Amino acid sequence: MKRMLIVIFFTTVNILFSTIYYVTQNGGGNFDGSAWENSYPGDSLQVAIDSTHRGDEVWVAKGIYKPNSWPHSLSPGPEREMYFAIYTDLYGGFSGSEIDISQRDLKNNETILSGDIGFVGDNSDNCYHIMTNGRYGSNVTVIIDGVTFTGGNAEDTYGTGSAFYNHDSELTIRNCTFHNNHSIFLGGALGNRYNYDYNTYMIVENCLFYNNSSRYGGAIFSNGESTIITNCTIVNNTAYDDGGGIYLATEEYEWEVQFGVNEVSNNIIWGNNCDTQIYQYDTGYIKFYFNAIQDGYSGFGNYFLSSNNEGDTNSPYFTDTDKNDWTLQSTSPCIDFGVYWNAPETDINLAPRPQGLIYDIGAYEFKNTEPNATLPSVSTLPAENISATYATLKGDVTDEGNAQVIAKGIKYSTSNGFDPETEGKLVRLLELIDAGAFELFVTNLSPNTIYYYRAYCENKFGYSYADNELSFTTSDSIVINPDANGIVYIKEEGTGDGSSWSNALNGYELQNGIDHPDATEIWVAKGIYVPNGWPLVDVYHGTTEREKHFRIRPNKKLYGGYNGIETSIDQRDIKENETILSGDIGVKGYSEDNCYHVIYNGGTLIDNSAVIDGFTITDGNADGTLRYSTLLGGGIYNRACSPRISKCLIKNNYAIVGGGVAVGSDPAYPIIENCTVTGNIAELYGGGIENEGAYPTIQNCLISNNTAGKEGGGIYHWAEYITFGDSDTLKIFNSTIVKNIAPIGSGIQIKSDCMTGFNREIIQNSVIWGDSSAFTFEYEALYGSIQTISYCGITGGYSGEGNIDLSSDNSGDPNSPYFSDPESGNWMIQEYSPLRDAGVWTSNVPLSDLAGFSRDAIPDIGCYEYDPTSIEDTESVLPRTTELYQNYPNPFNPATNIKFALSKSGKVELSVFNIAGQLVRKIIDKEMAAGYHNVKFEADDLNSGLYFYKLIAGGKELTKKMLMVK
């Protein structure tokens with residue numbers, strides 16, 4: 001068996017021609033800092049720093065050092081504004097005699113930088129910041145190593161990072177302790193903030209944070225371009241709002257910013273006072289893995305810690321929390337639990353890592369006198385399911401070693417007897433697995449080729465290759481035979497040529513089915529399909545793994561929603577036979593390695609005859625860069641093309657711009673119809689849909705629960721690049737745009753800038769409902785822009801024929817929209833909704849609504865047409881609990897609707913009582929099925945006054961009040 005154990009070499013790298021400046025508490029000799037015997041005194045620490053040039057270092061001996069100057073000021077200011085300004089690497093932990101940095105003893109030679117410049121123990125007169133860099137526009141790169149920061153109190157304008165405030169610079173801070181620091185706003189101890197003009201990178205490793213406090217991020221706040229936190233212990237800090245230990249955010253980046261790496265690994269985060277130990281403003285950029293976190297946290301290999309230091313298997317078992325001794329006891333689960341990726345070579349006391357079998361989590365490595373590292377064992381098994389371009393390759397983990405296997409893989413090559421250490425391609429998936437057989441589906445192989453392969457596995461301290469090498473030969477070519485009607489049939493696990501359902505093509509050949517020259521329609525059965533190639537490679541798109549995608553071709557029609565037996569398209573049941581196009585090509589549930597776009601369409605030959613119909617499109621993650629357009633359209637990115645996207649559910653995608661869908665480039669006239677766009681996120685613009693310079697039509701669509709960090713939670717429309725003539729740049733008909741989130745334009749944000757002529761936005765028969773900024777129009781035109789917004793229900797109202805000023809409350813007044821059940825996602829309107837029969841019939845009105853119900857002679861506003869027979873059938877999920885809802889309308893005269901939910905079938909009583917408690921009407925007294933129910937209560941014979949209605953069902957008695965006003 002070929003194995004590789006990770007070996008750590010300890011080296012000291014000295015920069016040629018660098019100068020070291022020495023500082024001790026009292027100084028010595030001629031006080032010029034040229035040697036320990038001529039060291040600068042402690043009150044000249046800033047002088048020592050100011051004497052340095054790039055590549056120089058400052059070595060500081062044990063002792064307490066306090067700021068005593070204003071480095072960036074022309075004249076002195078208040079004493080609390082004094083601080084150390086750092087421009088070079090600074091190391092602490094010296095006794096004052098060392099000749100090499102490796103001789104330091106950090107534990108016994110504590111170098112303390114203190115902000116306690118006034119009355120000792122009274123923090124009200126402490127420095128706002130103990131140390132800063134880059135705060136006044138100087139982009140610097142520094143290392144701070146082996147220092148204790150205490151007593152900072154950031155009550156100034158910035159209110160950020162009282163111990164260390166990193167602004168517009170590149171900081172590495174390691175082997176440091178931060179305690180008893182306070183900031184009024186961000187990062188009790190450490191604040192890392194980004195400015196557009198400079199890089200802001202921060203690496204924090206082997207650091208201890210305790211007893212720090214702030215409003216956001218009790219210990220650490222960071223919104224820099226790149227933040228890496230490794231092997232830190234972050235405990236007993238306080239945040240008054242969010243992030244007891246850490247608050248991580250992503251600044252509102254401009255598109256041209258190149259995004260860095262954001263990783264949090266091998267840390268202990270415990271006992272911090274806040275509802276959340278960690279708060280992430282944005283979930284798409286930061287990787288959390290192999291951390292031990294109180295109450296747990298999502299991420300690969302993270303460990304759940306209980307709130308008690310001792311007493312159960314999930315307790316951290318620190319040595320003495322009362323005395324702030326955060327080393328580990330031998331029973332701690334944090335021992336031998338870390339991962340070697342990016343792990344430092346030593347711990348906070350410079351003890352070598354690992355001491356035991358593998359790396360410990362946190363700042364301290366537990367000393368184990370009997371290390372016994374054992375790697376896993378693996379063997380190679382025969383391949384299966386071999387085609388011209390793919391195969392299932394298998395291995396067998398015969399021994400896990402001394403730690404659970406955390407990755408499985410296959411190394412393959414076209415060379416017989418290849419060396420797996422230096423040759424071949426490794427397909428590796430992070431996944432916690434037990435001993436036994438495993439398999440990986442390998443794609444993008446060449447036809448008629450012999451491949452040789454070895455199995456691979458890995459635990460937390462090393463990896464192994466199998467001794468035995470096996471081989472397989474791919475078939476001559478991909479055989480695809482459309483039927484007589486030009487239909488290619490595809491199933492997730494098909495093994496045929498695509499000529500029928502019984503001979504369906506394998507799902508990994510979906511794009512090849514689309515590309516076949518004789519195929520006119522592609523029918524896809526239920527299942528999950530992921531991209532495995534690059535059908536569109538151009539100046540905007542390359543061939544990395546994450547750039548894989550699906551692409552529609554001109555005149556092709558791609559249909560999902562089949563069971564696998566249908567003979568016509570109208571036999572489909574899209575809801576029952578969910579056909580998923582997923583960007584989750586790597587570790588399942590881990591978005592960082594997902595495709596940038598699930599679908600990437602491009603080219604003017606793609607017109608409305610190209611159809612994508614009946615799919616769920618999910619898990620795209622367009623977190624890339626503008627240069628390659630990999631920040632646009634996580635679900636679908638349409639560039640200079642005009643496909644018809646119909647009956648699709650576009651959900652849970654992420655992008656910098658256009659979370660669900662991004663369309664752009666003139667000429668492009670895409671149609672999005674009968675689609676639901678929900679749960680998508682954009683870092684900047686267009687949580688659901690973003691358009692820049694195209695002419696999209698959106699009709700009969702539900703756009704809900706999407707989020708944008710800046711503008712356009714539901715839709716963001718920018719017509720700046722439309723330059724000639726009068727154009728309908730955006731058309732929205734009979735759509736419901738609800739419950740989306742954005743600081744500006746939570747529903748829709750429109751911007752228009754026309755060089756010649758007029759841009760025109762047409763919105764008709766649509767609902768735009770949410771908070772007071774649900775609809776926003778921003779006019780930025782050189783020549784002009786025309787909006788025709790009519791027969792729409794808009795929160796806050798908007799001028800135009802037939803428009804309704806909707807209340808932000810779903811029920812309770814005449815202008816409430818009265819959706820059926822927004823909390824459960826049922827956006828159908830009820831009988832008394834002002835949206836009913838409030839639209840206008842034009843040639844643009846679809847004949848049926850999103851649910852398939854026919855439109856009335858006077859259409860309703862929104863994507864759903866009111867149909868009293870459909871109220872109970874529209875819920876796709878049974879209620880989790882039995883509930884009684886507020887009647888609507890309320891007050892009422894003479895009738896009202898009472899809605900309730902039953903979590904299970906059974907006997908139901910619904911009764912009405914007067915204010916004296918007397919029964920006036922028993923509306924329901926019978927067995928009823930689980931589900932959502934609605935009943936109309938008519939009260940023509942009752943007097944005005946307050947009444948109570950009571951539901952008895954499922955062991956519950958629920959009562960609500962209603963008011964009858966005649």
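A short reminder: the numbers here are calculations on the coordinates, not readings from a lab. Computed from a predicted model, the values in this text were never measured in an experiment. Cβ coordinates were reconstructed from backbone atoms using ideal geometry, including for glycine residues, and neighbour counts include every protein chain displayed.
How far apart, in nm, are the 7 Å Cα→Cβ label points at Lys960 and Thr319? Those two pseudo-labels are separated by 6.0 nm. Counted by neighbouring Cβ atoms within 10 Å, the residues Ile794, Ile804 run from fewest to most as Ile804, Ile794.
Full extension of the segment from Ser475 to Ser306, taken as 0.36 nm per residue of separation minus the current Cα-Cα distance, would add 55.4 nm.
Adding -39500 (n - 2.57) for every DSSP H run of four residues or longer, then dividing by how many residues the chain holds, sets the calculated 222 nm ellipticity at -500 deg cm²/dmol.
Each Lys and Arg adds +1 at its Cβ and each Asp and Glu adds -1 at its Cβ; summed about the Cα centre, the chain shows a dipole of about 1320 debye.
Highest mean packing first, where packing is the average number of other Cβ atoms within 10 Å per residue, the peptides 119-128, 262-271, 144-153 line up as 262-271, 144-153, 119-128. Excluding same-chain neighbours fewer than eight residues apart, the lysines reachable from Lys460 by a Cα-Cα span under 21 Å are Lys2, Lys287, Lys367, Lys408, Lys411, Lys588. A simple packing score, the average count of other Cβ atoms within 10 Å per residue, orders the peptides 932-943, 691-702, 101-112 as 691-702, 101-112, 932-943, with the highest score first. Taken as Cα centroids, region 181-240 and region 637-673 sit 38 Å apart, rounded to the nearest whole angstrom.
When Trp341, Trp534 are arranged by Cβ crowding within 10 Å, least crowded first, meaning fewest neighbours, the order is Trp341, Trp534.
For Lys557, the aspartates and glutamates whose Cα comes closer than 14 Å to its Cα, not counting residues fewer than 8 places off in the same chain, are Asp515, Asp518, Glu521, Asp607, Asp613. Towards the positive end of the charge dipole of region 878-966, with charges on Cβ (+1 Lys, Arg; -1 Asp, Glu), say which of Tyr949, Phe913, Leu902 has the farthest Cα. My answer, from the dipole projection, is Leu902. Once the C-beta distance of Lys950 and Asn342 is scaled by a Förster radius of 60 Å, the resulting FRET efficiency is 0.45 to the nearest 0.05. Per-residue Cβ neighbour counts within 10 Å put Ile656, Ile715 in the sequence Ile656, Ile715, beginning with the fewest. Bridge orientation summary for the chain: considering DSSP beta bridges with both residues in this region, about 30 percent are antiparallel.
Fully extending the segment from Asp518 to Ser609, taken as 0.36 nm per residue of separation minus the present Cα-Cα distance, adds 31.2 nm.
When you filter the chymotrypsin sites (Phe, Trp or Tyr not before Pro) in region 645-752 for DSSP loop state and at most 10 other Cβ atoms inside 10 Å of their Cβ, you are left with Phe724. For region 402-510, the set of GluC sites (Glu not before Pro) satisfying both a DSSP loop assignment and a count of at most 10 other C-beta atoms within 10 Å is given as Glu421. For the chain, the convex hull drawn through the C-alpha positions has a volume of 220 cubic angstrom per residue.
Other residues with beta-carbon under 13 Å from the beta-carbon of Ser477 carry, at +1 per Lys or Arg and -1 per Asp or Glu, a net charge of -3. Listed by chain and number, the lysines whose C-alpha is less than 23 Å from the C-alpha of Lys956, apart from same-chain residues fewer than 8 away, are Lys899, Lys904, Lys907, Lys922, Lys926, Lys936. Considering only Asn180, Asn166, Asn153, the residue lying farthest towards the positive end of the dipole of region 20-328 is Asn180, judged by Cα position with unit charges set on Cβ.
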